[in-house]
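Worksheet: the structure to be examined is printed underneath.
The values are calculated or read from the model by the stated rules, or taken from the named source; none is laboratory data. Predicted, not measured: the structure shown is a model, and the values here were computed from it. Glycine also receives a Cβ, built like all others from the backbone with ideal geometry; neighbour counts cover every protein chain displayed.
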Amino acid sequence: MTAPRCGGEQALGVDVSSQTLERLRLYDATLRRWQAVHNLVSATTLPDLWRRHFADCWQLSDLAPLSRRWIDMGAGAGFPGLVIALAMMEKGADGVVELVEPNQRKVAFLREIIRLTGAPARVHAVAIEDAAVLHGMEVGVVTARAFTNLEKLCGLAQPFVDKGAVALFPKGQDIDVELTAATRCWNIGYQSFPSRTAANSVIVRIDKLNRKSSSSEDHP
């Protein structure tokens, strides 16, 4: 049964159960409370939080299987990883999200949201470069949002893509510049999907990835 929504909640753009709506409300309220003390997200995004963060991340759940292990390589305040975990609950998927975040304030926040919502997620309080334990796991999807440029993301994602994972990276208006830079170093098999929440933004879905040889980088 879907639940009535009000105010900014309408910006989610999808019908969800009353349980999921309540979990998102808890997330919203907790984020705003913590934001007053800790800088978790850009303050300018708070008035439009449901569209800028919840809806923007939720759309990724339509682009890769939810019944798999996802890795959010730089989870921050949980975008997109925790929103994906809530989408898993909403859609009855048996996946799990591994949230990688070295900042201890953000780690504490992520754990609090997991406690409040029961989201199927685990926090790894390290940088993705130091999260060796993840490389021994069977991973279906790697993702990151507002984390680093596409060239660096390719390097971080390659070990997982090599083993069959797909990568989902939301990107903004500079995507063409980032793709040009990334393809100097990488052969990338990808699709771009227009964002449902932001004009001139896309989600890049990568399923093949290998580094070019130094000679091919020198001679495109």
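Of the residues contained in region 169-181, one or more are found to be in contact with a Phe, Trp or Tyr (Cβ under 9 Å, 6 or more places away or on another chain), at pLDDT 95 or above, closer than 16 Å to residue 74 by Cα and hydrophobic (A, V, I, L, M, F, W, C). If the condition is being over 28 Å from residue 23 (Cα atoms) and aliphatic (A, V, I, L, M), then region 138-164 contributes 150, 153, 156, 157, 161. In region 4-63, the residue that is surrounded by the fewest Cβ atoms within 10 Å (Cβ to Cβ) out of those that are part of a helix (DSSP H, G or I) and among the small types (Gly, Ala, Ser) is 7.
Could you list, in sequence order, all residues of region 160-190 that are aromatic (Phe, Trp, Tyr) and either surrounded by fewer than 13 Cβ atoms within 10 Å (Cβ to Cβ) or more than 22 Å from residue 57 (Cα to Cα) (or both)? Talk me through it step by step, then tell me what you get.
If we filter region 160-190 for residues that are aromatic (Phe, Trp, Tyr), which is where we start, we get 160, 169, 186, 190.
Hit for region 160-190 is 186, nothing else.
Residue 112 passes every criterion in (1) over 29 Å from residue 191 (Cβ atoms); (2) buried (at least 22 other Cβ atoms within 10 Å of the Cβ) apart from (2). When residue 126 is tested against (1) among the β-branched types (Val, Ile, Thr); (2) touching a helix residue (DSSP H, G or I) at 6+ places or on another chain (Cβ under 8 Å); (3) free of Cβ contacts under 8 Å to residues at least 60 places away in the same chain; (4) not in a helix (DSSP H, G or I), exactly one condition is not met: (2).
Checked against the criterion of being without any contact (Cβ under 8 Å) to a residue 60 or more places away in the chain and among the aromatic types (Phe, Trp, Tyr), region 54-69 has at least one qualifying residue. Of all the residues in region 138-159, those that are over 24 Å from residue 53 (Cα atoms) and either hydroxyl-bearing (Ser, Thr, Tyr) or exposed (fewer than 14 other Cβ atoms within 10 Å of the Cβ) (or both) number 1. Looking at region 67-75, can you tell me whether even one residue there is out of contact with any Ser or Thr (no Cβ under 6 Å at 6 or more places or on another chain), at pLDDT below 95 and either buried (at least 21 other Cβ atoms within 10 Å of the Cβ) or farther than 18 Å from residue 128 by Cβ (or both)? Checked region 67-75: at least one residue is out of contact with any Ser or Thr (no Cβ under 6 Å at 6 or more places or on another chain), at pLDDT below 95 and either buried (at least 21 other Cβ atoms within 10 Å of the Cβ) or farther than 18 Å from residue 128 by Cβ (or both).
Table: residues versus (1) assigned to a helix (DSSP H, G or I); (2) in contact with a Lys or Arg (Cβ under 8 Å, 6 or more places away or on another chain); (3) touching a residue at least 24 places away in the same chain (Cβ under 8 Å).
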residue: 139; (1), (2), (3): no, yes, yes
residue: 157; (1), (2), (3): yes, no, yes
residue: 169; (1), (2), (3): no, yes, yes
residue: 180; (1), (2), (3): yes, no, no
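Just wondering, is there one or more residues in region 100-110 that are touching a Ser or Thr at 6+ places or on another chain (Cβ under 8 Å) and over 16 Å from residue 127 (Cα atoms)?
Kept after step one, since they are touching a Ser or Thr at 6+ places or on another chain (Cβ under 8 Å), are these residues of region 100-110: 109.
Narrowing the set further to residues that are over 16 Å from residue 127 (Cα atoms) leaves 109.
Checked region 100-110: at least one residue is touching a Ser or Thr at 6+ places or on another chain (Cβ under 8 Å) and over 16 Å from residue 127 (Cα atoms).
Of the residues 11, 29, the single one that is farther than 14 Å from residue 143 by Cα and either at pLDDT 95 or above or within 13 Å of the chain's Cα centre (by Cα) (or both) is 29.
Within region 141-153, which residues are touching a residue at least 60 places away in the same chain (Cβ under 8 Å) and basic (Lys, Arg)? Lay out the reasoning, then the answer.
Filtering region 141-153 down to residues touching a residue at least 60 places away in the same chain (Cβ under 8 Å) leaves 141-148, 153.
Listed by number, the list holds a single entry, 145.
Restricting attention to region 191-199, does a residue exist that is surrounded by 19 or more Cβ atoms within 10 Å (Cβ to Cβ) and over 18 Å from residue 65 (Cβ atoms)? Among the residues of region 191-199, at least one is surrounded by 19 or more Cβ atoms within 10 Å (Cβ to Cβ) and over 18 Å from residue 65 (Cβ atoms), which makes the answer yes. Working only within region 32-70, note down all residues that are β-branched (Val, Ile, Thr) and either more than 19 Å from residue 195 (Cβ to Cβ) or within 13 Å of the chain's Cα centre (by Cα) (or both). Within region 32-70, just 37 meets the criteria.
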